[in-house]
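Peer 1: Got a structure here, written out as structure tokens. Questions coming.
The values are calculated or read from the model by the stated rules, or taken from the named source; none is laboratory data. Keep in mind that this is a model prediction, so the values were computed, not measured. Virtual Cβ from ideal backbone geometry, glycine too; neighbours counted across all protein chains shown. Just the protein is used for accessible areas: all its heavy atoms, side chains included, with ligands, DNA and RNA removed. Shrake-Rupley method; radii C 1.70, N 1.55, O 1.52, S 1.80 Å.
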Amino acid sequence: TSMSRGKQDIDRISDTFLRSLRAQKKIVVLVNEGTASSAEVFAAALRDNGRSLALIGSKTYGKGLIQHTFPMPDGGGLRISVAEYLTPGLKHVTNVGSAKYDARTGELIGGGIRPDIQCRSIGIPNDTGADMCVGVALDVLDVSASIERFE
């Protein structure tokens, strides 16, 4: 009957889905102040949806606004924000109006996404093996694999 065929299809889809879940690779995401806009939303989406073990690095840039430039008759332009990125958890990437500077460190507070594990990396290294954050990311993957073996 069509009912039993429908149940078989659901069981097959469920089995396929479970196999794909088991096959998913562990993900760590390296972020820093150069991570901006849709890359911030992507990193946050992996975290919000439980697909990443950790975001590693430093706070992201905090550019969550989508802007459009309207040409003006005199040759100039008017740039206005027309939309804003939100993470899947409905958090703002840019905390519009609430960003402040820390009086002690001078660091911007408010915008950007904070990583789960802080580490400092300056720019894109020529030798990724020498990058401290890459080492931290590999350690997180190793620890996760060790824990998984004991479960």
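Peer 1: Can you name the residue in the range 28-43 that is under 11 Å from Tyr85 (Cα atoms) and assigned to a helix (DSSP H, G or I) and is also most open to solvent (accessible area, probe 1.4 Å) among such residues?
Peer 2: Within the range 28-43, the match that is most open to solvent (accessible area, probe 1.4 Å) is Phe42.
Peer 1: Quick check: anything in the range 99-108 open to solvent by 50 Å² or more (accessible area, probe 1.4 Å), outside any loop (DSSP other than H, G, I, E, B), modelled with pLDDT under 85 and in contact with a Leu (Cβ under 9 Å, 6 or more places away or on another chain)?
Peer 2: yes
Peer 1: Further question on the same structure: (1) at pLDDT below 75; (2) within 30 Å of Thr94 (Cα to Cα): which one isn't true of Gly129, the others all being true?
Peer 2: The failed condition is (2).
Peer 1: Given the condition at pLDDT 70 or above, in contact with an Asp or Glu (Cβ under 7 Å, 6 or more places away or on another chain) and open to solvent by less than 90 Å² (accessible area, probe 1.4 Å), answer yes or no: does some residue in the range 3-22 qualify?
Peer 2: No, that holds for no residue.
Peer 1: From the set of residues in the range 52-78 that are at pLDDT below 90 and of a type in the set (D, E, K, R), which is least open to solvent (accessible area, probe 1.4 Å)?
Peer 2: Among those residues, the one meeting the criterion is Lys59.
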